[in-house]
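Engineer: Below are the structure tokens for one structure; questions will follow.
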Amino acid sequence: MDAIYTAVATANGREGRAVSSDGHIDLPLAHPQALGGNGQGTNPEQLFAAGYAACFASAMGVVARQEKIDISEASVTAEVSIGKDPADGGFGLAVVMRAEFPDHLQGEAGLALLKKTHAFCPYSKATRGNIEVELVVE
């Protein structure tokens, strides 16, 4: 692949900081309370959810334009869960990708758009076969 853009960020674990090379991201990191932390910072799951939701929404815009579908009132929410992986005893991730659509994209029309977007989105391509992703129309 010929890279068009490369993002660079540095972190020093779940209890520290995450900083991007351009300084736009400079965040404290902390374990969420559900994992025994104090919750006084963001965490990798939140950062992944934000990135995946933004990428998926952008990809959906491309697919919708190709299909001549108006998604100007749509929004995308990614729910990223972490849990025990029974295969190796470590941790694994799962994602629920929720798209809130106007009436004309409820039901099968909206689900078809989500499936096409999931096939096109770079984050979806990167996670395919590694993370369970559920697509939900709201």
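Engineer: Any residue at all in the stretch 25-42 that is under 25 Å from Leu135 (Cα atoms) and in a helix (DSSP H, G or I)?
Structural biologist: There is at least one residue in the stretch 25-42 that is under 25 Å from Leu135 (Cα atoms) and in a helix (DSSP H, G or I).
Engineer: I've got another one for you. Write out, first by first residue and then by second, each pair whose Cβ atoms fall under 6 Å of each other, whose residues are 6+ apart or on separate chains, and whose first residue, in the stretch 49-68, is under 14 Å from Leu114 (Cβ atoms) while the second is among the charged types (D, E, K, R) and assigned to a helix (DSSP H, G or I).
Structural biologist: Every condition considered, the pairs that remain are Val63/Lys116.
Engineer: Within the set of pairs 6 or more residues apart or between chains, which connect a residue that is assigned by TED's automatic domain parsing to the domain that holds Phe48 and touching a residue at least 12 places away in the same chain (Cβ under 8 Å) inside the stretch 1-29 to a residue that is hydroxyl-bearing (Ser, Thr, Tyr) and assigned to a loop (DSSP other than H, G, I, E, B) with Cβ atoms less than 6 Å apart?
Structural biologist: From the stretch 1-29, no pairs qualify.
Engineer: Among the residues of the stretch 82-100, write down those that are farther than 21 Å from Leu135 by Cα and part of a strand (DSSP E or B).
Structural biologist: The answer is Lys84, Phe91.
Engineer: Just for the stretch 101-114: of the residues that are closer than 11 Å to Leu135 by Cβ and in contact with a strand residue (DSSP E or B) (Cβ under 9 Å, 6 or more places away or on another chain), which one is surrounded by the fewest Cβ atoms within 10 Å (Cβ to Cβ)?
Structural biologist: We begin by selecting, within the stretch 101-114, every residue closer than 11 Å to Leu135 by Cβ; these are 110-114.
Adding the requirement that they be in contact with a strand residue (DSSP E or B) (Cβ under 9 Å, 6 or more places away or on another chain) leaves 110-111, 113-114.
Values: Gly110: 23, Leu111: 16, Leu113: 22, Leu114: 22.
By that ranking, first place goes to Leu111.
Engineer: Shifting gears a bit: Kindly provide the set of residues from the stretch 1-20 that are more than 21 Å from the chain's Cα centre (by Cα) and surrounded by 10 or more Cβ atoms within 10 Å (Cβ to Cβ), ordered by number.
Structural biologist: Of everything in the stretch 1-20, those that are more than 21 Å from the chain's Cα centre (by Cα) and surrounded by 10 or more Cβ atoms within 10 Å (Cβ to Cβ) turn out to be Asn12, Glu15, Gly16.
Engineer: A follow-up question, please. Taking the stretch 119-138, which residues are part of a helix (DSSP H, G or I), closer than 17 Å to Ala64 by Cα and either without any contact (Cβ under 8 Å) to a residue 40 or more places away in the chain or outside the structural domain of Glu67 (by TED's automatic domain parsing) (or both)?
Structural biologist: Across the stretch 119-138, the qualifying residue is only Ala119.
Engineer: Turning to a different aspect of this structure: Working only within the stretch 101-118, note down all residues that are among the polar types (S, T, N, Q) and assigned to a helix (DSSP H, G or I).
Structural biologist: Filtering the stretch 101-118 down to residues among the polar types (S, T, N, Q) leaves 106, 117.
Within the stretch 101-118, Thr117 is the sole residue that qualifies.
Engineer: Quick check on this structure: which one of Ala94, Ala64 is crowded, with 17+ Cβ neighbours inside 10 Å and at pLDDT 95 or above?
Structural biologist: Among Ala94, Ala64, only Ala64 is crowded, with 17+ Cβ neighbours inside 10 Å and at pLDDT 95 or above.
The values are calculated or read from the model by the stated rules, or taken from the named source; none is laboratory data. Remember, it's a predicted structure, so these values are computed and weren't measured experimentally. Heads up, the Cβs are rebuilt from the backbone with ideal geometry, glycines too, and the neighbour counts pull from every protein chain shown.
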